[in-house]
Amino acid sequence: MALKIFILLSLLTAYVASDSCVTYDFEENFDNLFSTYGTCYTIQAPSWVIGEYSDLDIASPNERSTKFIKPSANDRANCVASFHLTMHFGGIYEFNFYLDLADDRDNIQIMSFSDEPDTFSAITGIFFVNSGTGWQTVRTTVNGPASYRGYIAIFSMASPNSTVLVDSFRYIPPGMDESLCQIYG
Ligand SMILES: *[C@@H]1O[C@H](CO)[C@@H](O)[C@H](O)[C@H]1NC(C)=O
């Protein structure tokens, strides 16, 4: 399954009715689930595109992973925005990506945004990576209201000789047992 949302009933809290783990592996439905929405639209950045490990000399991080996304244009900020998901103060988003950077300006940056109707869209989490070669797993704790609808935007600048691939991600709500939130489980 490409997109998984697990609902775990919480027995402990009266104020949170459920906690949802969200995972996505970019294997299916990328064009329906991701777009140049929101901040990506604002900055008019080129999007990301699907690629396949079978076309590269890079081994995928999991035997069930055959696809990734990569920036579509070199030497420019590329941006793609996720589907909306429910996020929480203290939740974590975690990305698995591959970097081989040829230029000092190359990087990947991942930001979460709150996006509730009739309110300002605000940045609730951010990470920025511009070093390290190979697979990396990076996570960020989000802030914002106790619970809100939002999306995650993935930015990258990549020069022609650089490789930037995003394999998968997950969102882990606060207090959830991470072993119950597996991307390739
Ligand atoms: C990319 O790599 C090739 C081969 O090493 C080199 O000739 C070329 O100048 C590089 N291009 C850039 C933009 O650095």
How much length, in nm to one decimal, is gained on full extension between F120 and T133, taken as 0.36 nm per residue of separation minus their Cα-Cα distance? 1.0 nm
Would you please give the FRET efficiency between E52 and F89, computed as 1/(1 + (r/R0)^6) with r the Cβ-Cβ distance and R0 = 45 Å, to the nearest 0.05? 0.75
Least to most buried among I43, I123 (fewest other Cβ within 10 Å first): I43, I123
Quick check on the range 42-113: what are the equivalent-ellipsoid semi-axes from the Cα gyration tensor, as sqrt(5λ), descending, whole Å? 22, 19, 13
Relative to the present Cα-Cα distance, how much length would full extension add between L33 and A59 at 0.36 nm per residue of separation? 6.9 nm
Could you tell me the distance between the Cα centroids of the range 73-110 and the range 26-40, to the nearest Å? 13
Exposure proxy order (Cβ contacts within 10 Å, fewest to most) of D106, D100: D100, D106
Relative packing of peptides 142-150, 90-98 - highest average C-beta neighbours within 10 Å first: 90-98, 142-150
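Each reported figure results from applying straightforward, stated rules to the coordinates on display, with no laboratory input. Because the structure is a prediction, the values reported are computed rather than measured. Neighbour counts are summed over all protein chains in view; Cβ atoms, including those assigned to glycine, are modelled from backbone coordinates with ideal geometry.
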